[in-house]
Amino acid sequence: MKILNKTKKLLTNEELLEILPETLDPSVKSKIKAFSSDKTGNSSALLRDKLSQFELCEFEIVNLINIRPKGLVHLQNIIEEMLDRFNEEQLNDMLNILKL
């Protein structure tokens, strides 16, 4: 495989599926899809834009998109120092964005 563009970026599961070559073994793609929890139809780019209003690092945004936490307890595993950085309203806003 030849690398055409050497930019570094963390990819969500959806973005990874978009760039994988079509010739890749279908079983590998199906395993990646199984780990992807995007059931809403929202694109990763849209979710990245909406989550960018919060002061999250790229790693946290990618993990939020991939994991799609369902509650505040789950957010705590993804967001570093969550209670020091965000109030409860902001955290609920994040969860609502991920539910859309």
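The values are calculated or read from the model by the stated rules, or taken from the named source; none is laboratory data. The shown structure was predicted, so the numbers you read here are calculated from the model rather than taken from an experiment. Because the Cβ atoms are built from the backbone with ideal geometry, glycine has one as well, and the counts that use them run over all protein chains shown.
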Between a first residue in the range 72-100 that is on the phi < 0 side of the Ramachandran plot and without any contact (Cβ under 8 Å) to a residue 60 or more places away in the chain and a second residue that is of a type in the set (S, T, N, Q) and surrounded by 10 or more Cβ atoms within 10 Å (Cβ to Cβ), which pairs have beta carbons less than 7 Å apart while being 6 or more apart in sequence or on different chains?
78/63; 82/76
Of the residues in the range 1-30 that are in a helix (DSSP H, G or I) and more than 17 Å from the chain's Cα centre (by Cα), the one that is modelled with the highest pLDDT is 27
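Are any residues in the range 75-89 closer than 16 Å to residue 99 by Cβ and surrounded by 15 or more Cβ atoms within 10 Å (Cβ to Cβ), and if so, which ones?
Of everything in the range 75-89, those that are closer than 16 Å to residue 99 by Cβ and surrounded by 15 or more Cβ atoms within 10 Å (Cβ to Cβ) turn out to be 75, 78.
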